[in-house]
Amino acid sequence: MWEYTDKVMDLFHNPRNQGTITEKEEGQAITTGEVGSIACGDALRLHLKVDEVSEIILDAKFQTFGCASAIASSSALTELLVGKTIDEALNLTNKEIADFLGGLPEEKMHCSVMGQEALEAAIFNYRGIPLDNHEDDEGTLICRCFGVTDTRIRRIVLENDITTAEQVTNYIKAGGGCTTCLADIDDIIAEILQEKTTAVAVATEVVKAKEDNQPLTTLQKITLIQQVLQEEIKPALAQDGGDVDLHDVEGDLVKVILKGACDSCPSSTATLKMGIEARLRERVSPELTVIAV
Ligand code: FES
C-alpha cells in the first residue's frame, strides 16, 4: 500500500476541475493536450481556456483514467495553471506538481510527469507547433520498450536531481521493461553527475579569474557557455519548440546548431544574435561571436 499525503487523498476523493471545457467567448481559445492511453493504463486529457491577447490561462479542466496519484496530480496541475500565462505554464516542472501535493511516493512520480507532458502537448497545440518538434523526442533512443531518448532522460534527471536508474524508471518508465537499457541510463546519470562536479569546480575558478581580472581558459569558457545554454537559453527557445546545441568553440567564435523550430524559422538570425549571442556576451565574455553551422 502506498503512503499518500493528506493533500493527495483530498484531491483523489474531491478532485477539483474535473471535466471538459466547451464554451468560450470571443478572444478566447480552447486547447487540449493528451498523454497516455486508456488501453495501456494511465491517461490524461487536459483542457485549457486561454485569453488570446494576454495569453493568460483562464480555466483548466482534466479527464484522467488512472490511480489516486494520477487523479490528484491532474487536479493539482489545473489548480497550478489558472492565472498563469502560457510562457509561465511552460516552465512548470513535474517536481512543482509533486511539491503541491506534499510529495508523491517515488514509484508514483510518473503521474506528475504525465501532467507536465499533457500541459506541454496542450501548449504545443495552442501554438500550432507539431508535437514531433518536441525537444525530448530528439537525441538517441535509449529505451526501446518505452521509446525514451537520452534527451528526455537527461531532462528528468536534471529537473528532479535523480541519482539512480531505478528513479528514472519510476518517473518515466524507461528501464521498466526488458531492462537492457538500465546500463545506458546509469551511464547518462554518471555523466550528468560528473558534469555537475566539473561545473561547480569551474564556476569557482571563473569567479576567481574574474576577481583577478584574468582571461578565462578555453575549458572555463566552454563550461560556462554550456551552463548558460542549458540553464537559460534552451528553456527560452523550448517555449516556441526550438533548441540549440553547442558545436564548437574556437577562441571567441562560438559555433552552434539550431534545432527544432529554430532550424526552419525565418527569424533564426535574430534568435542567434539577439537571443543567443547577446546572452552569452553578457554572461560569459563581451568578445564572443555566435554563428550557426
Ligand atoms: S529497452 Fe528499456 S526497458 Fe527494454
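Throughout, read-outs are computed from the coordinates displayed, never taken from laboratory work. Everything numeric here is computed off the predicted structure, so don't read it as measured data. When we count neighbours, we look across all protein chains shown, and the Cβ atoms used for this are built from the backbone with ideal geometry, even at glycine.
Quick notes on this structure:
- Quotient of C-alpha Rg and 2.2 N^0.38 Å, computed over the chain: 1.08
- Contact order normalised by residue count of the chain, Cα under 8 Å, 6+ apart, percent: 12 percent
- Here the relative contact order of the stretch 130-213, from alpha carbon pairs under 8 Å that lie six or more residues apart, stands at 22 percent.
- Set 61/108; 84/173; 208/259; 84/273 screened for pairs whose C-alpha atoms are more than 26 Å apart: 84/173; 208/259; 84/273
- CD proxy at 222 nm, helix term only [per DSSP H run n ≥ 4: -39500 (n - 2.57); per residue of the chain; nearest 500]: -13000 deg cm²/dmol
- Cα gyration tensor shape of the stretch 44-99, rounded if a/c is under 1.5, else prolate or oblate by comparing a/b with b/c: oblate
- Student exercise, the chain dipole from Lys, Arg, Asp, Glu Cβ charges, in Debye to nearest 20: 120 debye
- Take the Cα of residue 68, step 7 Å toward its Cβ, do the same at residue 144, and the gap between the two points is 3.8 nm.
- Per-peptide packing, taken as the mean over residues of other Cβ atoms within 10 Å, places 277-283, 149-155 in the sequence 149-155, 277-283 from highest down.
- 10 Å Cβ shell holding at most 16 others, DSSP loop, chymotrypsin sites (Phe, Trp or Tyr not before Pro): longest site-free stretch of the chain: 147-293
- Counting DSSP beta bridges with both ends in the stretch 159-293, the antiparallel % (nearest 5): 65 percent
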